[in-house]
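J.: First the structure, then my questions, so here it is.
The values are calculated or read from the model by the stated rules, or taken from the named source; none is laboratory data. Just so we're clear, the structure is a prediction, and the values are computed from it rather than from any experiment. Every residue, glycine as well, gets a Cβ built from its backbone with ideal geometry; the counts of neighbours run over all protein chains shown. Surface areas here come from the heavy atoms of the whole protein model, side chains and all, with no ligands, DNA or RNA. Shrake-Rupley method; radii C 1.70, N 1.55, O 1.52, S 1.80 Å.
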Amino acid sequence: MLRVIVSLGLCLGVWLPALSWADLPINTKLGGDFTLPSTRGEPTSLSAFKGKAILLNFGYTSCPDICPMVLNRMAAVMNELDDERAKVQPVFLTFDPARDTVERLQQYLKYFGDDFVGFTGTEKQLAEVARQYGVIAIPQKSDSAAGILYTHSDYIYLLDQQGRVRALYSKSDSISKMVDDIESLLEG
Amino acid sequence: MNKWLVAAMCFLSVGLMPALAWAEVGVSFEQGWVRAVPPVSSNTAGYFKLHNHTDQDRVLVGVSSSVAKVVEMHTVIEADGASTMQQLKQLVVPKQDCVLFEPGGNHIMFIGLKQPLNVGDNVTVTLAFQDGETLDVELLVQKGQQGKGDAHHHHQHH
């Protein structure tokens with residue numbers, strides 16, 4: 001009988017975390033650490049947030065439509081977390097370093113939350129991070145008075161406490177799904 | 001967006017038609033809003049729904065507002081996992097039909113905001129049609145919905 005209980009316990013112990021992670025497989029093709037100038041005022045590594053889940057997004061502050069919408073979605077997720085907010089780090093990387101300085105990112109991101117951290121860098125540095133994460137960001141010439149606009153992907157990445165990519169969210173994914181996934185990671 | 005969905009949304013709004021000042025130009029305007037953005041932002045976007053109640057196509061050829069140096073019409077084209085903004089020089093509002101300006105789709109772009117817009121502000125925009133008629137409309141500055149089905153979402157913590 002004891003053996004059965006122990007076996008059952010082992011099974012549960014093995015399977016419960018596996019079940020809770022079932023929808024969040026580790027993405028082995030995307031991700032990785034980087035060190036870049038940040039809104040913290042000094043070069044910061046993504047790995048500095050080890051131990052926290054990370055919500056990561058790429059964009060540019062001159063973007064009038066999609067980027068602020070996606071950042072609003074990240075802010076909504078963070079606001080839903082309440083007490084667990086401190087366990088999650090929202091991060092924004094620009095792919096427009098010519099316009100997005102550290103100072104501009106500081107002014108821009110605090111609107112979405114005081115805990116948002118922004119990264120910029122040289123074009124080469126940011127292109128390398130974009131490659132790591134499979135981000136599309138192509139500057140487009142146009143007649144628009146807005147100047148350079150980017151063709152870009154707009155996923156929100158969820159990274160676990162070890163910095164591994166666990167999920168990508170498109171604009172059609174709900175806030176509640178992202179919150180549930182984060183809570184699943186934090187409980188795991 | 002699926003054209004049947006657009007048609008359904010047009011139909012729905014006819015049923016909910018508020019009092020509108022559209023009789024003169026035959027085009028009604030509703031659900032207008034401007035995305036609230038950080039004060040440091042010089043650009044933002046505006047959205048609304050336009051109904052053409054006449055039996056002739058109406059062509060929107062320009063938008064303007066005193067709150068920005070330039071206002072343009074843009075649309076978003078999604079392909080291969082990326083979005084591209086493309087400026088529209090004109091947009092046809094088909095007869096007895098409507099067009100939507102919405103996040104991730106058609107939108108008007110305010111470029112070079114002269115001062116930060118605050119949530120709750122009203123922004124006047126002038127829509128210019130090909131036949132020379134104009135329509136002044138009011139857009140409310142707000143943060144906007146975060147995603148599909150989240151407008152009234154309240155997460156239950158466990």
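J.: Has region A:115-131 got at least one residue that is of a type in the set (A, V, I, L, M), in contact with a helix residue (DSSP H, G or I) (Cβ under 8 Å, 6 or more places away or on another chain) and either closer than 16 Å to A:Pro68 by Cα or touching a residue at least 60 places away in the same chain (Cβ under 8 Å) (or both)?
T.: Yes, region A:115-131 contains at least one residue that is of a type in the set (A, V, I, L, M), in contact with a helix residue (DSSP H, G or I) (Cβ under 8 Å, 6 or more places away or on another chain) and either closer than 16 Å to A:Pro68 by Cα or touching a residue at least 60 places away in the same chain (Cβ under 8 Å) (or both).
J.: Could I ask something else about it? Looking only at residues that are open to solvent by less than 20 Å² (accessible area, probe 1.4 Å) and at the interface with chain A (Cβ under 9 Å from one of its Cβ atoms) in region B:77-103, which one is farthest from A:Tyr133 (Cα to Cα)?
T.: Among those that are open to solvent by less than 20 Å² (accessible area, probe 1.4 Å) and at the interface with chain A (Cβ under 9 Å from one of its Cβ atoms), it is B:Ser83.
J.: Among the numbered criteria (1) assigned to a loop (DSSP other than H, G, I, E, B); (2) open to solvent by less than 20 Å² (accessible area, probe 1.4 Å), which one does B:Ile111 miss?
T.: Unmet for B:Ile111, out of (1) assigned to a loop (DSSP other than H, G, I, E, B); (2) open to solvent by less than 20 Å² (accessible area, probe 1.4 Å): (1).
J.: Would you pick out the residues in region A:56-69 that are within 15 Å of the chain's Cα centre (by Cα) and in contact (Cβ under 8 Å) with a residue 40 or more places away in the chain?
T.: Answer for region A:56-69, where residues must be within 15 Å of the chain's Cα centre (by Cα) and in contact (Cβ under 8 Å) with a residue 40 or more places away in the chain: A:Leu56, A:Asn57, A:Phe58, A:Gly59, A:Tyr60, A:Cys67, A:Met69.
J.: Here is a further query. What residue, of A:Asp83, A:Asp180, A:Asp100, is assigned to a loop (DSSP other than H, G, I, E, B) and either under 16 Å from the mean Cα position of the chain (by Cα) or among the acidic types (Asp, Glu) (or both)? Quick ask: steps written out before the conclusion?
T.: Values: A:Asp83 fails: assigned to a loop (DSSP other than H, G, I, E, B); A:Asp180 fails: assigned to a loop (DSSP other than H, G, I, E, B).
A:Asp100 is the lone residue from the list that is assigned to a loop (DSSP other than H, G, I, E, B) and either under 16 Å from the mean Cα position of the chain (by Cα) or among the acidic types (Asp, Glu) (or both).
J.: A:Ser172 - would you say it is within 7 Å of chain B (Cβ to nearest Cβ), assigned to a loop (DSSP other than H, G, I, E, B) and on the phi < 0 side of the Ramachandran plot?
T.: Judged against the criteria, A:Ser172 is a match.
J.: How about region A:85-127: which of its residues are over 22 Å from A:His152 (Cα atoms) and aliphatic (A, V, I, L, M)?
T.: Selection gives A:Ala86, A:Val88.
J.: Check whether at least one residue in region B:115-129 is of a type in the set (Asp, Glu), away from chain A (no Cβ under 13 Å) and in contact (Cβ under 8 Å) with a residue 12 or more places away in the chain, and report yes or no. Steps first, answer last, please.
T.: Looking only at region B:115-129, we keep the residues that are of a type in the set (Asp, Glu), and these are B:121.
Going one step further and asking which of them are away from chain A (no Cβ under 13 Å), we end up with B:121.
In the following step, the residues that additionally are in contact (Cβ under 8 Å) with a residue 12 or more places away in the chain were identified as B:121.
Checked against the condition, which is being of a type in the set (Asp, Glu), away from chain A (no Cβ under 13 Å) and in contact (Cβ under 8 Å) with a residue 12 or more places away in the chain, region B:115-129 yields at least one hit.
J.: What residue, of A:Gly134, A:Gly113, is within 14 Å of chain B (Cβ to nearest Cβ), open to solvent by less than 50 Å² (accessible area, probe 1.4 Å), within 16 Å of A:Arg73 (Cβ to Cβ) and modelled with pLDDT of 95 or more? First the steps, then the outcome.
T.: Details: A:Gly134 fails: within 16 Å of A:Arg73 (Cβ to Cβ).
Matching residue, one of A:Gly134, A:Gly113: A:Gly113.
J.: Another question about this same structure. Given the conditions (1) in contact (Cβ under 8 Å) with a residue 40 or more places away in the chain; (2) within 11 Å of another protein chain (Cβ to nearest Cβ), which single one is not true for A:Ala53?
T.: (2)
J.: Got a sec? Which of A:Asn27, A:Asn72 is touching a residue at least 40 places away in the same chain (Cβ under 8 Å), surrounded by 20 or more Cβ atoms within 10 Å (Cβ to Cβ) and of a type outside the set (Asp, Glu)? Quick ask: steps written out before the conclusion?
T.: Numbers: A:Asn27 fails: surrounded by 20 or more Cβ atoms within 10 Å (Cβ to Cβ).
Step by step, each of A:Asn27, A:Asn72 is checked, and only A:Asn72 is touching a residue at least 40 places away in the same chain (Cβ under 8 Å), surrounded by 20 or more Cβ atoms within 10 Å (Cβ to Cβ) and of a type outside the set (Asp, Glu).
J.: Criterion first (more than 19 Å from B:Gly144 (Cβ to Cβ), of a type in the set (A, V, I, L, M, F, W, C), touching a strand residue (DSSP E or B) at 6+ places or on another chain (Cβ under 6 Å) and open to solvent by less than 10 Å² (accessible area, probe 1.4 Å)) does A:Val102 satisfy it?
T.: Against the criterion (more than 19 Å from B:Gly144 (Cβ to Cβ), of a type in the set (A, V, I, L, M, F, W, C), touching a strand residue (DSSP E or B) at 6+ places or on another chain (Cβ under 6 Å) and open to solvent by less than 10 Å² (accessible area, probe 1.4 Å)), A:Val102 does not qualify.
J.: Return yes when A:Pro37 is in contact with a helix residue (DSSP H, G or I) (Cβ under 9 Å, 6 or more places away or on another chain) and either open to solvent by less than 50 Å² (accessible area, probe 1.4 Å) or at pLDDT 95 or above (or both) and no when it is not.
T.: Yes, satisfied.
J.: Something else about it: Would you tally the residues in region B:34-76 being more than 9 Å from chain A (Cβ to nearest Cβ), without any contact (Cβ under 8 Å) to a residue 40 or more places away in the chain and in a strand (DSSP E or B)?
T.: Result for region B:34-76: 2.
J.: I would also like to ask the following. Give region B:77-93 a look and list any residue that's farther than 24 Å from B:Gly132 by Cβ and part of a strand (DSSP E or B), or say none.
T.: B:Ile77, B:Glu78, B:Ala79, B:Ala82, B:Ser83, B:Thr84, B:Met85, B:Gln86
J.: When region A:137-148 is examined, which residues are found to be more than 9 Å from chain B (Cβ to nearest Cβ) and either among the acidic types (Asp, Glu) or touching a strand residue (DSSP E or B) at 6+ places or on another chain (Cβ under 8 Å) (or both)?
T.: A:Pro139, A:Ile148 - these are the residues of region A:137-148 that are more than 9 Å from chain B (Cβ to nearest Cβ) and either among the acidic types (Asp, Glu) or touching a strand residue (DSSP E or B) at 6+ places or on another chain (Cβ under 8 Å) (or both).
J.: When residues of region A:76-102 are filtered for being facing chain B (nearest Cβ under 9 Å) and free of Cβ contacts under 8 Å to residues at least 40 places away in the same chain, how many remain?
T.: Qualifying residue count for the region: 2.
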